[in-house]
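The structure appears below as structure tokens.
The values are calculated or read from the model by the stated rules, or taken from the named source; none is laboratory data. Everything numeric here is computed off the predicted structure, so don't read it as measured data. With ideal geometry, Cβ positions are generated from the backbone for all residues, glycine too; neighbour counts draw on all protein chains shown. Surface accessibility is based on the protein's heavy atoms, side chains included, excluding ligands, DNA and RNA. Shrake-Rupley method; radii C 1.70, N 1.55, O 1.52, S 1.80 Å.
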Amino acid sequence: MLGWEFPPHISGGLGTACLGLTRALSRRGVQVIFVLPRAIEGRSPEHLQLLAPRSLDLFAAQREEQTAENRVEHQPPDAQQNALANVRFRHAPARLYSSYQSSAGRLGGQPVGGSSWVGASRGVAGLPGWRGEAVGYEGDLIQQVKRYAELCLELSRRERFDVIHAHDWMTFPAALAVAGASGKPLVVHVHSTEFDRSGRSGNPAVYEIERRGLHGAARVIAVSHLTRMALQRHYHLPRSKIAVVYNGIERAPGSGRMLPRASLRRGDKVVLFLGRVTMQKGPEYFVEAAGKVLEKIDNVKFVVAGSGDKIVEVIELAAQRGIGHRVLFTGFLRGADVERVFRMADVYVMPSVSEPFGIASLEAISHDVPVILSKTSGVSEVLTHALKVDFWDTQDMADKIVAVLKHPPLGRTLREQADIEVRRLTWDDAAARCCRVYEQVAAMV
């Protein structure tokens, strides 16, 4: 399995999805080797073997580093009692950019062209050799993707595996190279496309990488029917090649019970936006709706939890609308801070322009928070008990926020019924569907 991020090093829902899926696969007895080009600090999750590629000359030394101490640290003590025993961790240094960067990120350097992305036994063409230093992956993002592909190819020659499973565009060149060299079937998992991240003005190099990965795969997994239709429309994939596997959510024991709510001030209502502050997520529509809500209700605070390239623009928009004192910007949150902000919230709004799925909405429901969703989101396909809006209709968005805040029975019904729906969206179900895809592609070889 090739992925560009994994908790605690995440920039969005992709890392969360990788964690939930690998745990569920492990519970099914699937042995997973997760190749991640990112430094992992401190102890790693015990259910995963993490391979973070180093320079080619270090592979021999890295094999010698598999000491007894390393095996004890990174493998569960009792595989029968530990449901996460089939995925293990190793560490190696690297520095990377976000998996969500595309045309807004650092994409200079050499254009993508020819057939250099599939290197087979020759390696990935055009990539530099390494002389023993650990690869830092600094600099141009496309070059990082090329380097990752070269190193994954070399790493794959000393690992045993049956299927290659690659998440999103930054791993597709590596996956194609490994598939070409090993002859093993490739499954690519699409959590987001360049059209979701950047709209119609996406980066041509990223589009070409996505197109080649999708057409070079034996099977494609999409996180929603919305994403499957986008893959058919923009990448001309046949419908029969695409399997839809919805994301899930890990429900800890005792989750779903009412928790005491935090508060900014006694009597305040809190409306939450949690996600990357980018074009894709529609934060400007959230702020516009906030202004309209405050025309009807005074005691409301709006929390924007996240970071991204539009953060300054959105802060300035709140100031221009005269509501800067009512909109709080927290920056990127993780762990306990995410828990706390959900406890503060009276309603969660996801105004995404294009949202392939939308895991954060499931997290909101699991924290007993009613949700308002953009109609252009994959999760809206499976959630009936959520209020749905067109992202651009900020008046309708505002009216629905006001309705939830002013009518407690509505919020209570949304919370209770949505919680029942979310219980059916599990990572175990997603893993079972992925296993069926694995079996299908394995039978093709």
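Below is a table of values for the structure above.
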item	result
Test: residue in the stretch 382-392 that is within 18 Å of Glu288 (Cβ to Cβ), in contact with an Asp or Glu (Cβ under 9 Å, 6 or more places away or on another chain) and surrounded by fewer than 15 Cβ atoms within 10 Å (Cβ to Cβ)	yes
Elements of type strands (runs of 3 or more DSSP E) contained in the stretch 266-369, each with 2 or more residues being under 20 Å from Phe391 (Cα atoms) and open to solvent by less than 30 Å² (accessible area, probe 1.4 Å)	269-274, 300-305, 347-350
Qualifying residue in the stretch 155-165 (condition: within 23 Å of the chain's Cα centre (by Cα) and modelled with pLDDT under 90)	no
Count of residues meeting criterion [in contact with a strand residue (DSSP E or B) (Cβ under 6 Å, 6 or more places away or on another chain) and part of a helix (DSSP H, G or I)] in the stretch 370-400	4
Verdict on Lys310 being in contact (Cβ under 8 Å) with a residue 60 or more places away in the chain and in contact with a Ser or Thr (Cβ under 7 Å, 6 or more places away or on another chain)	no
Selection within the stretch 406-440 - open to solvent by less than 20 Å² (accessible area, probe 1.4 Å) and more than 24 Å from the chain's Cα centre (by Cα)	Gly411, Leu414
Residue satisfying all of: in the stretch 183-235; hydroxyl-bearing (Ser, Thr, Tyr) and more than 18 Å from Asn247 (Cα to Cα); surrounded by the fewest Cβ atoms within 10 Å (Cβ to Cβ) among these	Ser201
Filtered residues of the stretch 187-212 (kept if in contact with a Leu (Cβ under 8 Å, 6 or more places away or on another chain) and in contact (Cβ under 8 Å) with a residue 60 or more places away in the chain)	Val190, His191, Ser192, Thr193, Asn203, Ala205, Val206, Arg212
Among residues of the stretch 157-180, those that are in a helix (DSSP H, G or I) and either out of contact with any helix residue (DSSP H, G or I) (no Cβ under 6 Å at 6 or more places or on another chain) or open to solvent by less than 20 Å² (accessible area, probe 1.4 Å) (or both), counted	11
Within the stretch 232-278, tally of residues that are among the charged types (D, E, K, R) and modelled with pLDDT under 90	7
